[in-house]
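The structure under discussion appears below in the form of structure tokens.
The values are calculated or read from the model by the stated rules, or taken from the named source; none is laboratory data. Just so it is clear, the structure is predicted and the values come from calculations on it, not from any experiment. Using ideal geometry, Cβ is built from the backbone for each residue, glycine included, and neighbour counts are taken over all protein chains shown. Side chains included, ligands, DNA and RNA excluded: accessible areas come from the protein's heavy atoms. Shrake-Rupley method; radii C 1.70, N 1.55, O 1.52, S 1.80 Å.
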Amino acid sequence: MKKPVRTDLAVEARSLHLADGELPGVTAEERDLEGFAVTTVRITSDEASDKLCKPKGVYHSVSLEPVLRREDDAFGRAAAALASLLRETLPLSPDATVFVAGLGNRAITPDAIGPEAAEQILATRHLRAQLPEQFSYMRGVSVLAPGVLGMTGIESAEMVKTLCAHVRADAVVAIDALACSESERLCRTVQITDAGIVPGSGVGNDRAAFDRESLGVPVAAVGVPTVMDAGVVSDAANVQGLFITPRDIDMIVRDFSKVVAYAVNLALQPELSIADLDLLLS
């Protein structure tokens, strides 16, 4: 009996079905952006959504291995590429306000991408309200790392929905860790989608969804696969329920949370540069 494969990446879900031929309602295209390979998967039918276990929507997957190798200009190019895809995924009017949610558990390193990134997002809603003349060029942004249900007793989606209504956010950007099924994508890929995200789905611990239906506003989800199901690489019975993560995951989380945060900042604040962000976040 074939083992079920856990993955949050649409590009992997599609590849698992290619042995049976192209699936109607699914298209894929590849391109280069700022020197990085981008694969865009579009899921347009209910049948394809059911078979791939992914909501209908557009999924961009970007390979960021040059960032891990610390190649020259890789960080800036990666942030620019992700920012471009995020603007494409979540088109916003100049006066639209945005709520950024850093999902995950800060105490568990592979799950800390969201909270770590949230610390590096520019919160500007209060600045525009209190000093409109000086900060009118900035988009109003609110940011929160809501924690997890086991620590707060509140579903993250419930908390974010309530706060979005309070601050009258026009859109949400959700940042989270993901699970993958291919080792070459582990801690090397960023996925950006307009289909939202279900925290914990990749590890069999589904929580309330972050999507347009549940939050009432457009949602862009940005995710980094930091774990992989051990069952994919081993037939041993005792690996069931275990997940693999790189031994240098602390450094990887630090690097990827920063590049994701800078990308979100560049997408939401187009008047700023990498140098501006270095100054404002230092």
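Criterion applied to R77, R31, R14, R70 was being surrounded by 21 or more Cβ atoms within 10 Å (Cβ to Cβ) and over 24 Å from V172 (Cβ atoms), and the one residue passing it is R14. Remark: pairs (first residue in the stretch 121-136, within 26 Å of I175 (Cα to Cα); second residue open to solvent by 50 Å² or more (accessible area, probe 1.4 Å) and assigned to a loop (DSSP other than H, G, I, E, B); Cβ separation under 7 Å; 6+ apart in sequence or on different chains) = R128/S136.
Of everything listed in (1) part of a helix (DSSP H, G or I); (2) hydroxyl-bearing (S, T, Y); (3) under 21 Å from D170 (Cα atoms), the single unmet condition for S49 is (3).
Of all the listed residues (R6, R69), the sole one being touching a residue at least 60 places away in the same chain (Cβ under 8 Å), over 22 Å from E88 (Cα atoms) and of a type outside the set (A, V, I, L, M, F, W, C) is R6.
Restricted to the stretch 94-120, and to residues there that are within 25 Å of F135 (Cβ to Cβ) and free of Cβ contacts under 8 Å to residues at least 60 places away in the same chain, the residue that is surrounded by the most Cβ atoms within 10 Å (Cβ to Cβ) is D95. Residues in the stretch 52-87 that are in a helix (DSSP H, G or I) and farther than 26 Å from P218 by Cα: E65, P66, V67, L68, A74, F75, G76, R77.
Checking each residue in the stretch 121-135 for being of a type in the set (A, V, I, L, M) and open to solvent by less than 60 Å² (accessible area, probe 1.4 Å) picks out I121, L122, A123, L127. Only one of the listed residues (R31, R77, R87, R42) is among the charged types (D, E, K, R) and touching a helix residue (DSSP H, G or I) at 6+ places or on another chain (Cβ under 7 Å). That residue is R87. The criterion of being farther than 30 Å from E271 by Cβ and assigned to a loop (DSSP other than H, G, I, E, B) holds for A208.
Here A81 passes the criteria (1) without any contact (Cβ under 8 Å) to a residue 24 or more places away in the chain; (2) over 18 Å from V160 (Cβ atoms) except the one numbered (1). Here is the figure for the stretch 123-150: residues that are over 18 Å from the mean Cα position of the chain (by Cα) and either more than 21 Å from S214 (Cβ to Cβ) or polar (S, T, N, Q) (or both) total 18. When E30, E22 are screened for being modelled with pLDDT of 95 or more and either of a type outside the set (V, I, T) or in a helix (DSSP H, G or I) (or both), only E30 passes. Within the stretch 34-65, the set of residues being in contact with a Lys or Arg (Cβ under 7 Å, 6 or more places away or on another chain), open to solvent by less than 70 Å² (accessible area, probe 1.4 Å) and within 19 Å of D211 (Cβ to Cβ) comprises V41, I43, S49, L52, V58.
Here T162 meets the list (1) under 19 Å from E271 (Cβ atoms); (2) open to solvent by 30 Å² or more (accessible area, probe 1.4 Å); (3) of a type in the set (S, T, N, Q) almost entirely, failing just condition (1). Within the stretch 136-154, the set of residues being surrounded by fewer than 16 Cβ atoms within 10 Å (Cβ to Cβ) and in contact with a helix residue (DSSP H, G or I) (Cβ under 8 Å, 6 or more places away or on another chain) comprises S136, T152.
Scanning the stretch 100-119 for residues that are part of a loop (DSSP other than H, G, I, E, B) and not acidic (D, E) turns up L103, G104, N105, R106, A107, I108, A112.
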